[in-house]
Every structure is written in C-alpha cells, then in structure tokens.
1. Which of rounded, prolate, oblate describes the range 135-236, given a ≥ b ≥ c as roots of the alpha-carbon gyration tensor eigenvalues and a/c under 1.5 marking rounded, otherwise prolate only if a/b is larger than b/c?
2. Return the FRET efficiency for the residue pair residue 58, residue 130: r is the Cβ-Cβ distance, R0 is 35 Å, and the value is rounded to the nearest 0.05.
3. Could you tell me which of rounded, prolate or oblate describes the range 90-190, using a ≥ b ≥ c as the square roots of the eigenvalues of the alpha-carbon gyration tensor, with rounded for a/c under 1.5 and, failing that, prolate when a/b is larger than b/c and oblate otherwise?
4. Which of the peptides 179-192, 205-218 is most tightly packed, and how do the rest follow, judged by the mean count of other Cβ atoms within 10 Å per residue?
5. For the range 147-157, just list the computed ³J(HN,Hα) in residue order, Karplus coefficients 6.51, -1.76 and 1.60, θ = phi - 60°, integers in Hz, with x standing in for Gly and Pro.
6. In Å², and per residue, what accessible area does the range 32-116 have when probed at 1.4 Å with the other protein chains present?
7. Amide H of residue 54: which non-local residues (sequence gap of 5 or more, or other chain) have their own amide H closer than 5 Å, using H built in the peptide plane?
8. Where the accessible area of the range 134-178 is counted over protein heavy atoms with a 1.4 Å probe, how much of it, in %, is carbon and sulfur?
Amino acid sequence: MKIESMQNPPVSLLKFSIVIVALFGILSVVALFKPVALVRAGYRGVVFNKFNGVDTSRNLPEGMHFIVPFVESVVPMTVQVQKNTFTTAAASKDLQQVHTEVVINFHLDPDKVANLYQGVGEDYISKLIEPSVQESIKAVTADYNATDLIAKRSVVKKEAQDVVTERLSKYNILVNDFSITDFKFSPEFEKAIEAKQVAEQEALQKNYELQKAKKDAEIAITQAEAKKTSTITLAQGDAESQRLLRQTLTPELIELRRIEKWDGKYPQVMGGETLPMLSLGSPVAPTSSK
C-alpha cells in the first residue's frame, strides 16, 4: 500500500507543483521581457519608443506601469528640487573684476519632462542652467559699479533671478530660489573698500562726538540759565521779605523781641554786686531836693 501511494501522489500536491512552475515561468518572462516599469517617488518616467522616439504625450507618474517589451523603455527624470552652485567671473561698470558665487534651486515641470528630455536630454544642468546663470550675472554686473554691487545686492539678485527665470522657463525648468552668496574682488580693490569703510566709520565717530559736545554745551547753558534765574528769584524774594519786615517793625515790637530774648539774669559788676533792676518802662525823672 505504501509503494502504491508513492507512485500516485495526491492531487493537491500536483496542483501546488503546477502553480509553482507557472509562477516561476511568469517571473522568468517578466525578467526576460520586462513588460513593467516602476517609477520611484519624486520622479517622472519618460517613455522612449525604439520606432517613434520619445512619446511626449506620456509622462509616467510614480508607481508601476505596463510597457511594450523590447519596444518601449522608461527613462526616470527627477522632479524634486535640485540645488547647484556656480561661480561667475565678470566685469563691473567701472571695469573691476568680480567673481560672483550664485546658488540656484530649481525643479523640472512634472508635466513637461518628456519635452525637456526630447529637446535637451538628461544633461540640462551644463547645457541650460549654468550658461543661463553665467549670462544673467554678466549682464547685470555690467550695469553697476563694484561698490554698488555690494550696496545694492538685493536689487542685483532680483534682476539676475528675473533673467534666469525667463530663460529657463522656455525649457520647462522652474526656478524656486536664486541667491548671490558672495562677491569677490581683486586684493587691491578689497583693500581700498576696507580703507573707505574705516574712514567712513571714523567720520561717523567724529560727527557723533561733535554732536555730543554740542548737546553737552546746550545742557550746561540751560542749567546755568536755570541757576541764574533761581538765584535772581531767591534774591528778589529775600528783598521783598526784608521790605515787608521793615514795614512791620515798631518800637513796641522791638522792645517785645528784646524781652523775649532776655534770659532772666541781671548783668554782673566787679565785686559781685548786682546792678539794681532797671525799669523797662519809661524813665522816671529825679525829684529835686528841698
């Protein structure tokens, strides 16, 4: 019985084996013919047909897509924001050599990557972006003196960005940000700029000291005038007080003040004798002896 069961395996095991063989066959066909294309996140797929070239009507989004084996292939193109740094040599309006460092952030138009690939290919940075940045910086730099490039950096940056944005938009490349990170001049010119800045700072410091001295002098004059006015006012007040006091003094008031100040002691004379008490009233005339 055991030998017979070995010679006739169960139906379920046979079906399982058939499924495994079929899956293996399918995977082999997929690996050989590649009828499926996978587009990663942040990319678009450009469909290239060996007979018709780039299919500009198809920009495959992220995910899995079926294509015609041996006829179609998919080229991945990133649509994420990219960053590049360029250094441009140019001459300013006053003929100073200027090396400008530029940082540009950009991305490809997701709906037009096939057109960009067809017209330019994958090397769009060296073919389009770098020349556009170089040209825009040279054009704008030529309109400004070297010192104005520093003082008006934001204006220069805006003008250069507008030129680059307009040029690249024609090729479906969109500018996200554009920055001028540095201006470098010849050593002689940089020394001249530094000397000028030092002179300007010294002039500002001297002007500040002059204004401070003027302010201090004004404060001193104001204080002196206030003190003078206060002294005059006090003197006038004392004079008025003395005048009023003189008007109110009478002989009776003077006598009263003298009595108020008396300490109750009689004046002493030599020998320890005291003088007789004098009358504080009117003196009495002596009587004549008969």
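The values are calculated or read from the model by the stated rules, or taken from the named source; none is laboratory data. Note that the coordinates shown come from a computational prediction; the quantities given were computed from them, not determined experimentally. For neighbour counting, all protein chains shown are included, and Cβ atoms are generated from backbone atoms with ideal geometry for every residue, glycine included. Heads up: the accessible areas ignore ligands, DNA and RNA and are worked out on the full protein's heavy atoms, side chains in. Shrake-Rupley method; radii C 1.70, N 1.55, O 1.52, S 1.80 Å.
1. Prolate.
2. The computed FRET efficiency comes out at 0.75.
3. Prolate, since a/c reaches 1.5 and a/b exceeds b/c.
4. In descending order of packing, they fall as 179-192, 205-218.
5. 5, 6, 4, 6, 5, 10, 4, 5, 5, 4, 4
6. 55 Å²
7. 49
8. 46 percent
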